[in-house]
Every structure is written in C-alpha cells, then in structure tokens.
Amino acid sequence: MNLQSTSDADASATERLAKALARQANCSRQQAEIWITSGCVTVDGIVVEEPGTRVASVQVITLAFNANAN
C-alpha cells in the first residue's frame, strides 16, 4: 500500500495510518492500532509506532509478516 506523510496544510490529502492500514489489511482500526503500536508496521521502510501518523497515497505501508492478529 502506498502512503505519504505531509504537513498540516496538506492534511486534507492524507489520512491516519491506522485507518489506511485497516482498509488495506481488511481489519478493524483497533487491530491496526495494536499492530502499529507494537512496531509491526513500517511506512517507506521506517517503523512507525504512532497510529495517528498522517499518510497519503504515495508511501508504502508494510505490515510485518510475524504480526499476530490476537
């Protein structure tokens, strides 16, 4: 999945990482937040642990292979 961080001025073109991950991984936002805060998610190769991070459609979001759905 592709997403990009931007400034507050561009916030309308972005969405929260948890929301984007939930949509792409077909899971609940709550589960997406658990994966994010557990360090199982990267954005453009950088581990992100804040579910509220703003992302846009040009960055790559990756969920670690060992992420547990529990």
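The values are calculated or read from the model by the stated rules, or taken from the named source; none is laboratory data. In this text, all values refer to a predicted model and were calculated from it rather than measured experimentally. Note that each Cβ is placed from the backbone with ideal geometry, even for glycine, and that neighbours are counted across all protein chains shown. Surface accessibility is based on the protein's heavy atoms, side chains included, excluding ligands, DNA and RNA. Shrake-Rupley method; radii C 1.70, N 1.55, O 1.52, S 1.80 Å.
A few points about this structure:
- With a cut-off of 13 Å between beta carbons, the residues surrounding THR42 carry a summed charge of -3, where Lys and Arg count +1 and Asp and Glu -1.
- Net charge contributed by nearby residues that have their C-beta within less than 12 Å of THR53 (K/R +1, D/E -1): -2
- Ordered from largest to smallest accessible area (heavy atoms of protein chains, 1.4 Å probe), the residues THR42, THR37 come out as THR37, THR42.
- Only protein heavy atoms count here; under a 1.4 Å probe, GLU49 has an accessible surface of about 110 Å².
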